[in-house]
Amino acid sequence: MFLLRLRLAASASVVFGGFLAGILFLAALFSRQTILARAALMALSVSVLGQAVSQGCGAWWLWRSGSWAGLSGERISRDQRPRRFKAWLTTHILLMAIYLAAAAYLTWITFGSRF
C-alpha cells in the first residue's frame with residue numbers, strides 16, 4: 001500500500017512539476033528575471049526526481065511480484081522467461097539512474113552555478 005501511495009505521489013509531482021516548470025520558464029523568458037528561471041529549474045528537477053521514484057517503484061514491484069502482463073494480457077513469470085525478466089529489471093534500474101543523474105545535474109545548475 002505504501003508503494004502505491006509513493007508511486008501516486010511521484011506521478012503527481014511529475015505532472016504538476018512539469019506544468020509549473022513550463023509556466024515558470026515562460027515567465028522567466030518574458031520578464032528576464034533569473035529567480036524565475038531558477039525556480040523553473042528546481043520544479044523541473046522535482047519532476048525528474050518523481051520520474052526516478054516511479055521507475056524505482058516499478059523495479060521493486062517487478063522484483064517482488066516476479067511477473068508482468070504480456071501484450072495479450074496473460075501473466076508471464078520470471079521462471080518462464082528469465083532473460084526478459086532481467087532485461088525489464090535492468091531497464092527500470094537504468095532509467096532510474098538516468099533520471100537521478102538528471103535531477104542531480106538540474107539541482108547543481110540551480111544552486112551551484114551562477115547565471
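The values are calculated or read from the model by the stated rules, or taken from the named source; none is laboratory data. Since we're looking at a predicted model, the values are computed, not measured. As a convention, Cβ positions derive from the backbone with ideal geometry for all residues, glycine included, and neighbour counts pool all protein chains shown.
Being part of a helix (DSSP H, G or I) and without any contact (Cβ under 8 Å) to a residue 12 or more places away in the chain, is that true of even one residue in region 68-83? Yes, that holds for at least one residue.
Please enumerate the residues belonging to region 1-41 that are under 30 Å from Trp60 (Cα atoms), among the charged types (D, E, K, R) and in contact with a helix residue (DSSP H, G or I) (Cβ under 7 Å, 6 or more places away or on another chain). Arg7 - this is the single residue of region 1-41 that is under 30 Å from Trp60 (Cα atoms), among the charged types (D, E, K, R) and in contact with a helix residue (DSSP H, G or I) (Cβ under 7 Å, 6 or more places away or on another chain).
Suppose we filter Leu26, Leu20, Leu62 for residues that are of a type outside the set (Asp, Glu), part of a helix (DSSP H, G or I), touching a His at 6+ places or on another chain (Cβ under 8 Å) and surrounded by 12 or more Cβ atoms within 10 Å (Cβ to Cβ); which single one remains?
On the way: Leu26 fails: touching a His at 6+ places or on another chain (Cβ under 8 Å); Leu20 fails: touching a His at 6+ places or on another chain (Cβ under 8 Å).
When all the criteria are applied, what remains is Leu62.
For region 84-115, the candidate set comprises residues that are in a helix (DSSP H, G or I), of a type in the set (Ser, Thr, Tyr) and without any contact (Cβ under 8 Å) to a residue 60 or more places away in the chain; within that set, the residue that is surrounded by the most Cβ atoms within 10 Å (Cβ to Cβ) is Tyr99. Against the conditions (1) surrounded by 12 or more Cβ atoms within 10 Å (Cβ to Cβ); (2) small (Gly, Ala, Ser); (3) at pLDDT below 85, Ser54 satisfies every one except (3). Scanning region 1-33 for residues that are touching a residue at least 40 places away in the same chain (Cβ under 8 Å) and either basic (Lys, Arg) or over 15 Å from Ala52 (Cα atoms) (or both) yields one hit, Arg7.
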